[in-house]
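The values are calculated or read from the model by the stated rules, or taken from the named source; none is laboratory data. Keep in mind that what you see is a predicted model, and the values were worked out from it rather than measured. Glycine gets a Cβ as well: all are built from the backbone with ideal geometry, and neighbour counts include every protein chain shown.
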Number of protein chains: 2
Amino acid sequence: MSSHPHAFLDLISDDLKLVEAKMQAPNEVFQPLAGAIDLLLKSGGKRLRPATAMLVGKFFPNIDKERLVSLAAAIETLHTATLVHDDLVDGSLMRRGHPTLNATWSTGATVLAGDFVFARAAYFAAETDNVRVMRIFAQTLMTICEGELRQLYDLRNWDQPKEAYFRRIYGKTAALFAAATESAAVLGTDDEAVISAMRDYGYNLGMAFQIMDDILDFVGDEVVLGKPVGSDLRQGTVTLPVFHYLQAHPEAIQIMRAAGRGNGADEALNQLIRDIGRSPAIEATREDALAFVAAAKDALRIMPDNIYRQALADLADYVVRRSM
Amino acid sequence: MSSHPHAFLDLISDDLKLVEAKMQAPNEVFQPLAGAIDLLLKSGGKRLRPATAMLVGKFFPNIDKERLVSLAAAIETLHTATLVHDDLVDGSLMRRGHPTLNATWSTGATVLAGDFVFARAAYFAAETDNVRVMRIFAQTLMTICEGELRQLYDLRNWDQPKEAYFRRIYGKTAALFAAATESAAVLGTDDEAVISAMRDYGYNLGMAFQIMDDILDFVGDEVVLGKPVGSDLRQGTVTLPVFHYLQAHPEAIQIMRAAGRGNGADEALNQLIRDIGRSPAIEATREDALAFVAAAKDALRIMPDNIYRQALADLADYVVRRSM
């Protein structure tokens with residue numbers, strides 16, 4: 001059926017080129033900043049967020065294509081801006097095989113460059129000429145920042161409830177997917193049931209995506225990940241596989257508490273990370289991700305059964321199938 | 001005539017209370033973040049930016065008050081967000097007698113808190129329900145960030161042209177004043193000549209304001225300034241008094257170049273800062289500021305001659321009269 005693993009992207013590959021072109025730094029931008037934007041675009045991923053927006057937009061033949069492209073560019077540019085500041089906050093020096101901005105720029109310059117990219121995202125959002133989209137956009141940015149701050153505060157809080165994890169990944173990932181698909185529907189229709197369903201699709205897709213990311217942190221290929229297995233736990237971030245593992249092995253919390261205190265505690269942590277990766281906690285976590293995938297597909301049922309709905313369903317399957 | 005030195009604020013003191021109330025952190029915000037917002041509001045200044053927006057709004061009796069208040073809150077909140085990141089970039093620990101956020105928070109938390117405040121500003125801007133205002137808002141944020149980056153790049157560049165200074169203070173200060181007054185006019189009228197004049201007023205007011213700030217850095221009271229006299233030059237930022245001083249004393253550039261290299265170079269810099277503060281360069285710089293004040297008042301001539309126009313003229317006079 002599909003010519004390659006991302007056939008769902010074929011339907012919108014021309015649209016994504018327009019999005020890509022829009023995101024390029026304009027000539028008049030201060031040169032070092034333009035260079036930074038180019039670097040950030042080159043280190044970008046598969047553009048799944050703009051892809052969801054463009055695919056949802058396909059359901060509405062009368063949608064203003066230019067505004068939809070502006071929306072998709074706003075979403076991906078906002079995502080890029082959050083990565084600039086996240087990499088700074090985490091001290092990450094590489095992303096997808098490219099050096100991060102903070103690897104070569106000072107803290108101050110990195111902060112300001114990230115702010116500029118935020119502003120560009122807001123400008124693209126304004127180009128949708130739709131006030132409701134702009135409200136969704138600003139609200140989503142608040143949710144993302146608040147989520148990142150909660151994550152900082154929850155570091156090494158080993159006793160947090162599982163709800164804290166779900167709230168965190170909503171802020172970190174699902175909120176932006178939800179904003180992408182909801183906003184695309186807002187640009188295409190006045191039907192609130194459809195708008196709400198498209199938001200649900202994006203939300204559930206984003207939750208599944210992040211849970212899968214958190215699985216890959218335990219079972220992924222270090223070369224593909226570009227970082228050591230278990231990085232989240234090493235940094236003190238408790239993810240869903242850990243919650244599942246702790247249910248069966250409550251004593252493991254002592255190893256996490258001891259980590260970083262010397263006396264072989266770090267070797268114990270390495271062993272724990274390997275144990276989690278080989279444990280049934282991984283399959284239990286995947287089940288959780290699959291439940292979100294099912295909910296995402298369920299949200300699509302309100303839409304006509306066409307190639308775009310199939311592509312969105314394929315995309316949902318893909319996020320839990322991908323190896324990275 | 002005026003009951004106190006800021007009589008121009010009396011006309012809008014009730015409006016500014018609405019702006020202040022809007023800026024308060026809502027209850028549902030993550031508690032540490034709410035605390036940070038409260039601290040930032042307490043360390044706020046005279047709210048001159050929202051004041052200009054509210055005063056311009058007074059010319060238009062049919063303006064939607066709630067949207068105008070949203071605009072004013074967006075402008076001041078954006079200003080606050082830029083200060084959070086500026087203080088981080090500059091390593092400033094105090095602002096207006098209160099500790100800065102970066103004085104007590106980690107770099108990461110400060111970056112994210114600033115991002116959250118940016119997002120709040122964008123949300124207030126969206127509440128104006130006016131797409132043109134939102135475009136101005138996003139464009140202004142880009143201008144501000146690009147200006148701050150240029151300032152970082154221009155540090156210790158002692159040979160820069162005077163135009164670099166004017167471009168910098170446009171980005172740093174005048175762009176936001178211009179956005180405040182232009183946006184208020186956009187909310188009040190379709191008359192492009194009036195909108196353009198109000199933008200000119202804000203631009204010129206902002207330029208005068210920043211030039212005066214740069215004078216005060218040489219002649220202000222250290223207690224009121226909250227920092228040592230000559231801080232800009234010590235940090236390598238070339239301001240207008242320095243350009244004027246160098247015209248009469250080109251040899252002084254050697255002292256700047258040598259600063260920070262030991263062997264009495266820093267004492268020479270201290271002496272230079274005192275010399276500049278007592279030199280005719282200060283008066284020459286004040287003349288430049290007064291020219292911008294005159295241009296600001298000139299821009300007001302298109303408006304009806306009423307108490308609001310008088311208040312805006314008084315405000316322009318005030319920015320070059322203030323001691324801080």
- request: Looking for whichever is more than 15 Å from the chain's Cα centre (by Cα) and not aromatic (Phe, Trp, Tyr) here; the options are A:Ser70, A:Ser43. Which one fits?
  value: A:Ser70
query: Just a yes or no: is a residue in the range A:132-142 in a helix (DSSP H, G or I), farther than 24 Å from B:Ile144 by Cα and more than 10 Å from chain B (Cβ to nearest Cβ)?
result: no
- prompt: For the range B:104-126, which residues satisfy the criterion of being more than 7 Å from chain A (Cβ to nearest Cβ) and either in contact with a Ser or Thr (Cβ under 8 Å, 6 or more places away or on another chain) or not hydrophobic (A, V, I, L, M, F, W, C) (or both)?
  reply: B:Thr104, B:Ser106, B:Thr110, B:Gly114, B:Val117, B:Ala121, B:Phe124, B:Ala125
query: How many residues are free of Cβ contacts under 8 Å to residues at least 24 places away in the same chain and part of a helix (DSSP H, G or I) if we restrict to the range B:97-108?
result: 5
- prompt: Looking at this structure, is B:Arg301 part of a helix (DSSP H, G or I), over 30 Å from B:Tyr201 (Cα atoms) and among the basic types (Lys, Arg)?
  reply: no
- prompt: Can you name the residue in the range A:160-182 that is surrounded by fewer than 20 Cβ atoms within 10 Å (Cβ to Cβ), away from chain B (no Cβ under 14 Å) and free of Cβ contacts under 8 Å to residues at least 60 places away in the same chain and, of all such residues, is farthest from A:Leu312 (Cα to Cα)?
  reply: A:Pro161
query: Do we find a residue being over 21 Å from A:Ala291 (Cβ atoms), in contact (Cβ under 8 Å) with a residue 24 or more places away in the chain and charged (D, E, K, R) anywhere in the range A:208-221?
result: yes
Failed criterion for B:Gly44 (all others in (1) over 30 Å from B:Asn306 (Cβ atoms); (2) surrounded by 15 or more Cβ atoms within 10 Å (Cβ to Cβ) hold): (1)
query: Can B:Asp129 be described as part of a loop (DSSP other than H, G, I, E, B), within 12 Å of chain A (Cβ to nearest Cβ) and modelled with pLDDT of 95 or more?
result: yes
- prompt: Among the candidates A:Ala295, A:Ala259, which residue alone is of a type in the set (A, V, I, L, M) and modelled with pLDDT of 95 or more?
  reply: A:Ala295
- line: Among A:Asp10, A:Asp64, the single one that is under 17 Å from A:Gln310 (Cβ atoms) and surrounded by fewer than 17 Cβ atoms within 10 Å (Cβ to Cβ) is A:Asp10
Flag if A:Asp213 is more than 30 Å from A:Leu68 (Cβ to Cβ) and assigned to a helix (DSSP H, G or I): no
field: Selection count, the range A:83-100, where residues are surrounded by fewer than 24 Cβ atoms within 10 Å (Cβ to Cβ) and within 13 Å of chain B (Cβ to nearest Cβ)
entry: 8
- request: Report, by residue number, each residue of the range A:228-258 that is surrounded by fewer than 16 Cβ atoms within 10 Å (Cβ to Cβ), free of Cβ contacts under 8 Å to residues at least 24 places away in the same chain and under 20 Å from the mean Cα position of the chain (by Cα).
  value: A:Pro228
task: Would you mention how many residues in the range A:208-223 are under 17 Å from the mean Cα position of the chain (by Cα) and of a type in the set (A, V, I, L, M, F, W, C)?
output: 6
- prompt: Does any residue of the range A:226-235 turn out to be farther than 29 Å from B:Ala119 by Cβ and assigned to a helix (DSSP H, G or I)?
  reply: yes
query: Listed residues B:Asp288, B:Asp275; which is within 30 Å of B:Met198 (Cβ to Cβ) and assigned to a helix (DSSP H, G or I)?
result: B:Asp288
field: Residues of the range B:138-159 that turn out to be among the basic types (Lys, Arg) and either crowded, with 24+ Cβ neighbours inside 10 Å or within 19 Å of the chain's Cα centre (by Cα) (or both), as a count
entry: 1
query: Among helices (runs of 4 or more DSSP H) lying entirely in the range B:1-78, which contain 2 or more residues that are within 30 Å of A:Gln151 (Cα to Cα) and out of contact with any Asp or Glu (no Cβ under 8 Å at 6 or more places or on another chain)?
result: B:13-23, B:31-42
